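Single-structure report; data block below.
Since every read-out is calculated from the coordinates, none of them should be taken as a lab result. Note that the coordinates shown come from a computational prediction; the quantities given were computed from them, not determined experimentally. No Cβ is skipped: glycine too gets one built from the backbone with ideal geometry, and neighbour counts run over all protein chains shown.
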Amino acid sequence: MRRGLIAWSKSELPEAALAARVARTQAALAAAGLDALAVYTNNTRPAGVSWLTGFVPYWSEALLLLPRAGEPLLVAALTKRVTTWIKATSRLAEVVSAARLGVEAGRLAASWGGKVGVADRDGLPAGIAEDMEQAGARLEDATDWFARLRGKADPAEVALAARAGTIARAALAEAAHDAEEAASVIAAVEGRARALGAEECYVAVAPDLARDRRLKRLEGRAPLGASFAVRATVAYKGAWVRQTRTLFRAAARAPLVLAAAERLGAAVAALPDERGFAGFASWLVEGCRVAQPLAPLAGSRIAAPAPLPPEALVSVQACIELDGTPVVLGAPALIGGAGEAAGFLVPPLFT
């Protein structure tokens, strides 16, 4: 369940931007010969529905239905008490409360013709799919074409991601070089992110990079070593980014972070070409294809990388060894358009 305030800011996410996304999707539905699109959502898979409507679930689950003609509606496993709030925070023609999402969604889809494309088909719970089919819907996998459709970020999406990145960077600036315990760093980072308007913030720490470079969600005591890394995962108005920072206790080692940031910037500029990461200890590119806001797309441990389309929003993280010392950095980035270099939306912290 999310803890931050969720409200629709029409200055940041204009109705016209959502209407344009819906129109593009409906044109793709017509081209595919489909009567409707279905997108499942819950608090771990919010990105597909929020991209089309602005709706960000706090809890429970729902199914967005977009007919080939007309406005999107939401079938939600929530009481009618919250439908007013949902409609106030999103661009939806109707919110239907249903104990069994699939039964109601299947009935509606059947009334439109019944041929339904499902974005993120593997993420649709089996029970909902079975109920939809029994109610008269015929389901097809629409994951790939929907992912291609929404791969290019529009100006509103870029602006929200940049705001989320700015929040994450400011929050990481609260981490102190001389902190003794990870808990104090986590509290400072999360507190600052929420004060700046983040609807969610997850903080992960690698307490001693000399021993373990893995970033983990920590509870309890964790003493910090001579160098440690902190990552803030921030959500703002449905936009999710990651930002990662390495801190050294000894001021003499700080120039290593600047050198690592320059290396990472050069590697990011070459994306989607991965050769810029040659010589890195590890690297990872995450982004949204359909529903998960930060799914692994490419990286040193990704066996089957996903395409990085032009003008896609991603978050990049890498570990670079300099003078035998690991430095972990990361920041949100925008893949370049035709003939353009990729670049950071918000640069990583290197001080």
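Here are the numbers for the structure shown:
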read-out: Stretchable slack from H177 to A23, in nm (0.36 nm times residue separation minus alpha-carbon distance); value: 50.5 nm
read-out: Placed amide H near E94: partners under 5 Å, 5+ positions off or other chain; value: L74
read-out: Potential lengthening between D212 and A88 on full extension [0.36 nm per residue; Cα-Cα distance subtracted]; value: 40.1 nm
read-out: Listed residue (A28, W145, A164) projecting farthest to the positive dipole end of the chain, Cβ model; value: A164
read-out: The range 206-319 - Debye-derived log10 I(q)/I(0), Cα point model, q = 0.18, 0.24 Å⁻¹; value: -1.05, -1.46
read-out: From phi via Karplus (6.51, -1.76, 1.60), per-residue ³J(HN,Hα) for the range 226-237 in Hz, x at Gly/Pro; value: 5, 9, 8, 10, 10, 10, 10, 9, 10, 10, 9, 6
read-out: Principal axis dimensions, largest first and in whole angstrom, of the range 208-271 by Cα; value: 33, 30, 18
read-out: Cut-off under 5 Å, modelled amide H: who pairs with T89 long-range; value: none
read-out: Per-residue [θ]222 nm for the chain (sum of -39500 (n - 2.57) over DSSP H runs n ≥ 4, rounded to 500); value: -9500 deg cm²/dmol
read-out: Whole-number percent relative contact order across the range 155-344, with pairs defined as alpha carbons under 8 Å at least 6 apart; value: 19 percent
read-out: Ranked by how many other beta carbons lie within 10 Å on average, peptides 37-48, 146-157, 297-308, 17-28 from highest; value: 37-48, 146-157, 17-28, 297-308
read-out: Helical segments meeting 18 Å axial Cα length and Kyte-Doolittle 0.0 threshold in the chain (DSSP H); value: 15-32, 155-172, 182-195, 255-270
read-out: Spatial separation of Cα centroids for the range 51-119 and the range 288-338, in angstrom; value: 32 Å
read-out: Mean separation of Cα contacts under 8 Å (6+ apart) over length of the chain, as relative contact order %; value: 15 percent
read-out: Fraction of the pair-distance distribution of the range 155-344 above 29 Å, Cα-Cα pairs, percent; value: 18 percent
read-out: Under 5 Å, built H, 5+ apart or other chain: amide partners of K237; value: E199
read-out: Computed lengthening from A281 to R221, 0.36 nm per intervening residue step minus Cα-Cα distance; value: 18.8 nm
read-out: Cα gyration tensor shape of the range 45-102, rounded if a/c is under 1.5, else prolate or oblate by comparing a/b with b/c; value: rounded
read-out: Tail beyond 35 Å, pair distance distribution of the chain (Cα, percent); value: 27 percent
read-out: Under the Karplus curve 6.51 cos²θ - 1.76 cosθ + 1.60, θ = phi - 60°, whole-Hz ³J(HN,Hα) for the range 317-333, x wherever Gly or Pro sits; value: 9, 8, 10, 10, 9, 10, 6, x, 10, x, 10, 10, 9, x, 6, x, 9
